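The values are calculated or read from the model by the stated rules, or taken from the named source; none is laboratory data. These numbers come from a predicted model, not from an experiment. As a convention, Cβ positions derive from the backbone with ideal geometry for all residues, glycine included, and neighbour counts pool all protein chains shown.
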Amino acid sequence: MTDQLTYQDLAALMKKGAGLTVDPDALERRPEGEFAEFGLDSLGLLGVVGELENRHELAMPPEADKCRTPKEFLELVNAQLAAGV
Amino acid sequence: MSARTGRRPVITGIGVLAPNGTSAETFWKSTVEGVSVLDRITREGCEDMPLRVAGQVRDFDPADLIEERYLAQTDRFSHFALAAAQAALTDARLGRSDYEDDPYSIGVVTAAGSGGGEFGQRELQRLWGPGPRAVGPYQSIAWFYAASTGQISIRGGFKGPCGVVASDEAGGLDALRHAAATVLRGTDAVVAGAAEAPLAPYSVVCQLGYEGLSLREEPDRAYRPFTSSACGFVPAEGGAVVLVEDERAARRRGAPVRAEVAGHATTFTGEARWAASRDGLAHAVRGALAEARCAPEEIDVVFADALGIPEADRAEALAIADALGRHGTRVPVTAPKTGIGRAYCGGPVLDVAAAVLAMEHGAVPPTPNVFDVCHDLDVVMGRARASELRTALVLSRGLMGSNSALVVRRVEDGTS
């Protein structure tokens, strides 16, 4: 994983955290589609956040698990990763 | 059970996940042939426990049946329940197109006594190993008794009345009663049943405190209720789910009407007070018969609780005599669970499935591993007994003191 989270990374995290098979291209094509439309519920997003925090040993902002879309999530997380480096 | 509105709860589909068969067909075939599948416990981490014999579900890969997103957030007991629910819906020929216009017309009710022990153990090991940050968020829901109801409801898109019964082993029968009552109140159909997965190390350790748990090593001697060598019971995993539907709704969509959920009653007599369970169970039987408007002589077969603790067996034999009178010594009594073990809440629902299949096939299945009954009961042993069966009585008691009775009855085509 690079220092910046990609749609590819997010799809992998959704698979690991919530058992969801999501096409990364679909996330990238519809970055403002709701997570729920991709099958990710609030607990699943919590799992994604937890996994990210463990990997980067970095706390994510409290808004992270309230993001509604992949775009919103990536922007927030990448800002945090950039600030944390 | 019927209401003045003309509604009548009937079973239109059966899904089974049992140690002796992962479909209703294979379950019935093994059951009617009296096959015992009790064997040495081989689940990982359980091999060195004092519990030696169990009824394990083998050859079950939930990934063949259920989407990964549901599997990732659920324990094995919910995997069984999800698979059995799917099988029941398929059996009842109820598809999404039947209810997508009115998802509130279908509800779900399950019972559970063991919860998600395997999932919970894994997450607790992460908690005390790598630490709290390694615990996944689905621990918050997967272990919980209500998990199967919720997941069946979400996966199927069922938005009707949902519930969970936590009333001991007998809860399996109580869940069907709740489903029937929901149908009588106006819901078209309820997915109802119970499945358990108590064969993870943590769950087994919890059961070691039960005085009735059989620790014998020989699979054919570990669970022999109603005999002078009764030495407790063998635990099992698995269960069954049925679709309980209003008869008219079922006939409207041309679904097979398998049996009526005719009557039910339950009592509570306290933990391990087996002598007292005689009265409690007899009272439950009388209540179920009264609700079914059924005379004792109309009962064609009894599926016994058959706990395997001598005092409890005696209490059950006496309860059957108390409630059914002289008919109690003549009616065929069976306990097919001696071939698969007791799947806690799943056990009595498996018995209901067996009862409906027995009525359809005209055969009382035998009681495996039981040969020398020391009570005044006509226990069917050795091989199945051919008999026309119209009405069956299913009994269940829990280790904590619940006693339930359920009457299921055949329904003639076209009557309503």
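Observations on the structure shown:
- So B:Glu218, is it surrounded by 19 or more Cβ atoms within 10 Å (Cβ to Cβ), assigned by TED's automatic domain parsing to the domain that holds B:Ala197 and either over 30 Å from B:Met1 (Cα atoms) or modelled with pLDDT of 95 or more (or both): no
- Filtering segment A:5-37 to residues that are surrounded by fewer than 19 Cβ atoms within 10 Å (Cβ to Cβ) and of a type in the set (A, V, I, L, M) leaves A:Ala12, A:Ala26, A:Ala36.
- Residue identified as assigned by TED's automatic domain parsing to the domain that holds B:Thr334, surrounded by 18 or more Cβ atoms within 10 Å (Cβ to Cβ) and among the β-branched types (Val, Ile, Thr) among B:Thr269, B:Thr227: B:Thr269
- Test for B:Leu199: is it touching a Cys at 6+ places or on another chain (Cβ under 7 Å) and surrounded by 24 or more Cβ atoms within 10 Å (Cβ to Cβ): yes
- All positions within segment B:122-154 that are assigned to a loop (DSSP other than H, G, I, E, B) and within 19 Å of B:Ala195 (Cα to Cα): B:Trp143, B:Phe144, B:Tyr145, B:Ala146
- Subset of segment B:243-265 (residues that are over 18 Å from B:Gly107 (Cα atoms), touching a Gly at 6+ places or on another chain (Cβ under 8 Å) and in a strand (DSSP E or B)): B:Gly263, B:His264, B:Ala265
- Residue tally, condition among the charged types (D, E, K, R) and in contact (Cβ under 8 Å) with a residue 60 or more places away in the chain, over segment B:45-66: 1
- Any hit, segment B:72-79, residues being surrounded by fewer than 22 Cβ atoms within 10 Å (Cβ to Cβ) and among the acidic types (Asp, Glu): no
- When B:Ile66 is tested against (1) over 22 Å from the mean Cα position of the chain (by Cα); (2) among the β-branched types (Val, Ile, Thr); (3) within 14 Å of chain A (Cβ to nearest Cβ), just one condition goes unmet, and that condition is (1).
- Count - residues of segment A:58-71 that are free of Cβ contacts under 8 Å to residues at least 40 places away in the same chain and in a helix (DSSP H, G or I): 5
- Any hit, segment B:41-52, residues being buried (at least 18 other Cβ atoms within 10 Å of the Cβ) and within 20 Å of the chain's Cα centre (by Cα): no
- Answer residue from segment B:125-143, given it is surrounded by 19 or more Cβ atoms within 10 Å (Cβ to Cβ) and in contact (Cβ under 8 Å) with a residue 24 or more places away in the chain and is farthest from the other protein chains (Cβ to nearest Cβ) among those: B:Trp143
- Scanning segment A:33-57 for residues that are away from chain B (no Cβ under 12 Å), outside any helix (DSSP H, G or I) and either in contact with a Pro (Cβ under 8 Å, 6 or more places away or on another chain) or modelled with pLDDT under 90 (or both) yields a total of 1.
- Among the numbered conditions (1) within 27 Å of A:Leu20 (Cα to Cα); (2) modelled with pLDDT under 95, the only one that B:Gly113 does not meet is (1).
- Selection of segment B:186-220 for residues being in a loop (DSSP other than H, G, I, E, B), touching a strand residue (DSSP E or B) at 6+ places or on another chain (Cβ under 6 Å) and under 20 Å from B:Thr110 (Cβ atoms) yields B:Thr187, B:Asp188, B:Pro198, B:Leu199.
- Complete set of residues in segment B:95-120 that are surrounded by 18 or more Cβ atoms within 10 Å (Cβ to Cβ), more than 14 Å from chain A (Cβ to nearest Cβ) and farther than 15 Å from B:Cys162 by Cβ: B:Asp98, B:Gly113, B:Ser114, B:Gly115, B:Gly116, B:Gly117, B:Glu118, B:Gly120
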